[in-house]
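Comments concern the structure below.
The values are calculated or read from the model by the stated rules, or taken from the named source; none is laboratory data. Since this is a predicted model, take the numbers as computed values, not measurements. Every residue, glycine among them, receives a Cβ derived from its backbone with ideal geometry; neighbour counts consider all protein chains shown. Side chains included, ligands, DNA and RNA excluded: accessible areas come from the protein's heavy atoms. Shrake-Rupley method; radii C 1.70, N 1.55, O 1.52, S 1.80 Å.
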Amino acid sequence: MNPHDPSLVVHLFVALSRPQAVDQLRTFWDALGTVLGMDHTIAALALPKDLPAEFPDGAVAARRDRRGTRQAIVRRRHDALTVSVALDGSPWPDLDRQWEAVTEPTEVIGVARLRTGALPPDRLPVGDLADPDVPVVLEEEPGPDDRAQRLFTVLFTEAATAEAEQWFWSQGREVPPAFARQLLNAAKLRYQLRVYQADAGRRSGLDTAIREALTALLQPDPGAEELEQHRRTLLGLTVGPDGAVQRLTRLREMRRTVAIAADDLAVPDDHELAAWLGLTLEDEIVYAEAVHERARETLASLTLEAERALQSRRERTLAAEADDERRRNSFTLLQSGFLGAILMILAAVQAFGYEASFLAPSLVPALIATLGALALLLATLVLWVLAPPEQKPPAWLGALFAGLLGAALGWLAVASVVEVSTGHPASTTQSWAGAVPGGLAGAALLYRSLREGP
């Protein structure tokens with residue numbers, strides 16, 4: 001196929017809502033000047049050759065090479081930019097190589113390359129379009145439905161060259177040509193398909209989380225921590241950045257975008273895709289609404305059950321604290337009674353001047369030390385026995401008090417044995433011989449008990 005006046009027209013479609021895409025477009029636009037020599041303004045259009053900081057509606061920039069065989073124009077229409085580039089003056093293979101010298105932006109909605117040319121009427125093939133008022137259009141290597149790159153061959157007669165160029169290249173300064181608008185709608189359609197495919201696996205994750213949460217709810221006595229963990233997981237999958245609510249609203253937006261795009265499509269393949277994708281999105285919205293309703297009801301049940309479990313735990317905690325308080329009060333009363341009885345006995349002995357004739361004077365210091373150590377240990381033992389774990393004093397401190405009592409008891413025992421057997425007071429060496437082992441034994445015994453707990 002060797003048409004007359006072959007040219008290559010490329011339409012690139014960029015979403016203004018994607019800053020990275022706009023940045024790539026600026027780099028690409030500058031490359032048209034440095035790589036393809038398109039560094040001159042198009043005087044007839046009265047547009048700057050450089051892209052503006054902001055993009056108003058309509059045409060915003062245009063440029064050409066010195067001979068005018070290469071031209072480019074950028075137009076904004078609603079939320080997208082259409083970048084149209086035309087190369088002519090060479091056969092199609094040469095024009096393809098010229099275009100491939102420029103790096104296309106990757107963050108685009110879509111790209112459509114049109115190989116255009118004129119043929120005699122009797123050589124025009126049957127195209128993909130049923131409309132006899134437009135040129136013959138053949139899409140080369142259609143590929144998958146979600147393709148972003150498309151290649152067309154657009155053929156027309158020499159008599160219809162002007163009308164054809166208005167249809168696929170320019171019908172005025174401000175508005176993109178009709179075929180470019182249709183290709184933009186098709187690019188949006190296929191972009192929505194790519195978004196839908198990337199988003200398709202998220203429903204199963206929410207279904208799994210719902211099943212796990214319901215399984216936990218059906219346990220005889222689910223723990224509050226487990227229920228709260230399921231609630232947080234389900235809450236994130238429902239209202240998080242990529243949750244069910246966001247997915248449902250995206251599906252509705254996609255359905256609306258597809259419906260708008262379907263109103264202005266040229267290629268039958270695009271019409272078929274729009275019809276299929278519209279029905280598929282309708283089904284997905286129904287499924288997403290059902291999953292969202294299940295998640296909402298499960299979240300409500302989890303919240304109620306978690307509150308019930310927390311309330312039950314609070315009640316058990318309060319009951320345990322009350323029991324601890326009763327034990328603490330009982331121990332304190334017993335402790336106070338014991339210490340009070342000792343003090344009362346000692347006070348009575350002093351008041352009545354009573355002397356224990358059976359108690360040798362050498363035993364009195366050991367007995368006094370024993371009573372003092374016992375009172376010290378009893379006065380502080382409640383701190384280890386009844387205090388919460390985080391409020392308990394260190395075990396070594398209790399071991400110290402127990403060691404004092406053990407040493408006093410050891411001293412009293414040795415002094416008593418020596419006094420009874422010899423009739424003489426125990427020596428200092430003998431007293432230490434009883435106090436040291438007694439102190440070590442008492443300290444070790446209580447330290448082990450306090451470390452192991454009740």
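Of everything in region 153-211 that's under 20 Å from P268 (Cα atoms) and among the aromatic types (F, W, Y), which residue is most open to solvent (accessible area, probe 1.4 Å)? This residue is Y191. The set of residues in region 48-99 that are within 24 Å of R115 (Cα to Cα) and in a loop (DSSP other than H, G, I, E, B) comprises D65, R66, R67, G68, T69, G89, S90, P91.
The set of residues in region 8-47 being assigned to a strand (DSSP E or B) and open to solvent by less than 10 Å² (accessible area, probe 1.4 Å) consists of L8, V9, V10, H11, L12, F13, V14. Every test in (1) in contact (Cβ under 8 Å) with a residue 24 or more places away in the chain; (2) of a type in the set (D, E, K, R); (3) open to solvent by 10 Å² or more (accessible area, probe 1.4 Å) is passed by D270 save one, and that test is (3).
Here L374 clears all of (1) surrounded by 12 or more Cβ atoms within 10 Å (Cβ to Cβ); (2) at pLDDT below 65 except the condition numbered (2). Kindly provide the set of residues from region 402-425 that are under 18 Å from A373 (Cβ atoms) and open to solvent by less than 30 Å² (accessible area, probe 1.4 Å), ordered by number. A402, G403, L405, G406, A407, A408, G410, A415 - these are the residues of region 402-425 that are under 18 Å from A373 (Cβ atoms) and open to solvent by less than 30 Å² (accessible area, probe 1.4 Å).
Note on region 390-401: among residues that are of a type outside the set (A, V, I, L, M, F, W, C) and crowded, with 16+ Cβ neighbours inside 10 Å, the one that is nearest to S449 (Cα to Cα) is G398. The set of residues from region 81-110 being of a type in the set (A, V, I, L, M) and crowded, with 20+ Cβ neighbours inside 10 Å comprises L81, V83, V85, A86, L87, L95, V108, I109. If you go through region 120-174 and keep only what is within 17 Å of S84 (Cα to Cα), touching a strand residue (DSSP E or B) at 6+ places or on another chain (Cβ under 7 Å) and not polar (S, T, N, Q), you end up with A148, R150, L151, F152, V154, A164, F168, W169, R173, E174. When you check R255 against the structure, is it open to solvent by 60 Å² or more (accessible area, probe 1.4 Å), under 30 Å from F152 (Cβ atoms) and touching a helix residue (DSSP H, G or I) at 6+ places or on another chain (Cβ under 9 Å), yes or no? Yes; evaluated as a whole, the condition is true for this residue. For region 111-121, filtered to residues that are in contact with a Ser or Thr (Cβ under 6 Å, 6 or more places away or on another chain) and open to solvent by 10 Å² or more (accessible area, probe 1.4 Å), the residue that is nearest to M38 (Cα to Cα) is R115.
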